[in-house]
Amino acid sequence: MARAWMVRTGRRGEQEQAALAEGLVLINWDETGDLAQVENREQVRELLTREYPDLSPQVIANWTGQLWRFREEISVGDHVVIPVASNGRRQFAVGVVTGPYRFRPEAGFGFRHTRPVEWRTKGLDRDLLHQDLRDSMGSLLTVFELRRNNAAARITELAERGADPGPESATEQESTAPVRRLEEIVDAAVERGEEVRLTVRELLGLWGHTRRWPAVIEKIQDRLAELGLATTPSFTEGNINSSVRIVPVGTGPHAEFPPPTANELPDEPSLDDRPVAFLVDQLPSAECPVESVRVDDPLPSATTTMTAKKYSQLAVLDDDGRLVGAVSWESVGKAYLANPSPTLKQAMGPARDADGADDLLDWLPEIRDRGFVFVRDAQKRVCGIITTADLTDQLGNQLQPFLLVSEVERRLRRIVGRAIDDGRIGLDQVRNGLRPHRRNRVHDVKDLTLGEYPHVFESEDLWTPLHWSLDREQFLAQLRTAAQFRNNLMHLNPDLDPQSTQELEPLRGLLEMLRPLDDS
């Protein structure tokens, strides 16, 4: 089946008119020369690296994919869509690719990389497209495939009949909503002349997530790549409240949005590069503004601030924002014992600051003994503080998922074990619900994993003898959610985030079903 592609001209107006008049699609990157001379993607990457040595590796990788698609992957017979402007209205032209890539060295700048096209419609109004298809066309990429929600077949309908049949389900329509919202955020910031910034929490929230599970990271990275965007620093780094900048990596050279350099956007870390240990900067308080004083400030100013704001300590910083010491109620008390009118410098005690990339466990003794530790950024300036109260809140929250999963597993084991003991079901029935390679390895109910219980309860022969007054499909859905949550929990260092409690609700709901069954 023919595929469908979106191709954006780098210079609105001239290139659009030339494309429609000459039966072509056009892209920039004239500096690379004739792409017909390259044999593979790697040679395209080498061309780009040579011509644009200062650009981010992510930009070079993105551009490599776009140029290779234009040169090689777009096939004769595929449909191509380009945006056109008509009297201030946003419209599209749809055509069929009729020939191979051709480089025109004699043409003007921006008119050299071409593919021949037979245009079927040149003024298709944007409002004729369903929202999900419009969202799919919102990428900053110059060349990309339209493949979501049966897009290729729908583009064919547009070319032949001028009508979009729409997505097959409401779920497909909803799946593009995060993309649309992100596009709106980017457009609004660009219009104001501001850089686009979001917290990691806000970015995850666009897709309805609260934790950076592996599947969540992969999905968001894929969608950002499809939109021609990236985050700096990577949204996989830092804590959930860290701020990241959204930057364009898909716009071509000489575009309105300049691509980031290697200094601005280094290689994106893979999931395997994520820390296994809990790091200092994973605690939200590690990046919260810290109240501070200077060595020469009067002591009453410090104690008044501590009293009014209910602080136990204040950082004492030098003129460069670097840590000199700390004023605490303990250090103040000791100073007054030695001198009835101490200065702030006399009341100052020692303090230490941790790097955000340090292992949090290494700093627990310091926080326990002193009550706090400050956090420094890459410039050695104080950027946060971790107190015993922070550890109590954060690590207490971190225990909740483990405790809930543990209770779910223990109650399931007891419930199924008692059902076997009293003869309602047999161990062979339990084994029969498992995958073949596991059946001979389960000799007792304690050998079952949480992920295997949904397979066990799918059997009607096992479910019926239990005589439970539960809707089996709902129960199985809750079990599958719990099993997936446990898998995420065991395979990734999760975010230390006290506000990420909504993902625990399915576990609590499952326990509401299991507790009466177990207690009875």
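Points worth noting:
- Within the range 426-478, trypsin sites (Lys or Arg not before Pro) in DSSP loop having at most 11 other beta-carbon neighbours inside 10 Å: Arg441
- Label point distance in nm, Arg441-Arg50, each placed 7 Å from Cα along Cα→Cβ: 5.3
- The range 1-45 and the range 401-478 have their alpha-carbon centroids 57 Å apart.
- A full extension of the chain between Glu42 and Leu470 corresponds to an added length of 148.3 nm, given 0.36 nm per residue minus the alpha carbon distance.
- Amide H contacts under 5 Å for Arg120, placed H, 5+ residues apart: Val94, Gly95, Val96
- Normalised size of the chain, defined as Cα radius of gyration per 2.2 N^0.38 Å with N residues, equals 1.27.
- Amide H contacts of Trp5 (H built 1.01 Å from N, under 5 Å, at least 5 apart or other chain): His79, Val80, Val81, Leu146
- Considering helices alone, the calculated mean residue ellipticity of the chain at 222 nm is -12500 deg cm²/dmol, with DSSP H runs of length four and up weighted by -39500 (n - 2.57) and normalised per residue.
- Other-chain or far-sequence residues with amide H under 5 Å of Ala230's (modelled H): Val247, Val249
- Working note: Karplus 6.51/-1.76/1.60 with θ = phi - 60° gives the range 328-345 the couplings 10, 4, 5, 5, 5, x, 5, 5, 5, 5, 8, 8, x, 9, x, 8, 4, 5 Hz, where Gly and Pro are set to x.
- Order of Val442, Val59 - criterion: other Cβ atoms within 10 Å of each residue's Cβ, fewest first: Val442, Val59
- Theoretical gain in end-to-end length, Asp125 to Glu512 [0.36 nm per residue, Cα-Cα removed]: 134.0 nm
- Among beta bridges that DSSP assigns inside the chain, antiparallel share in %, nearest 5: 85
- Candidate cross-link partners of Lys309 among the lysines, defined by an alpha-carbon separation under 28 Å and a same-chain spacing of 8 or more, comprise Lys334, Lys345, Lys380.
- The GluC sites (Glu not before Pro) found in the range 133-208 that occupy coil by DSSP, while having at most 13 further C-beta atoms within 10 Å, are Glu168, Glu194, Glu195.
- Cβ-derived FRET efficiency at R0 45 Å, Ser459 paired with Arg245, nearest 0.05: 0.30
- Of the GluC sites (Glu not before Pro) found in the range 284-375, those that fall in a DSSP loop while having at most 15 other beta-carbon atoms within 10 Å are Glu291.
Throughout, read-outs are computed from the coordinates displayed, never taken from laboratory work. This one's a predicted model, so the numbers in the text were calculated from it and none came from an experiment. Positions of Cβ are backbone-derived with ideal geometry, glycine not excepted, and every protein chain shown enters the neighbour counts.
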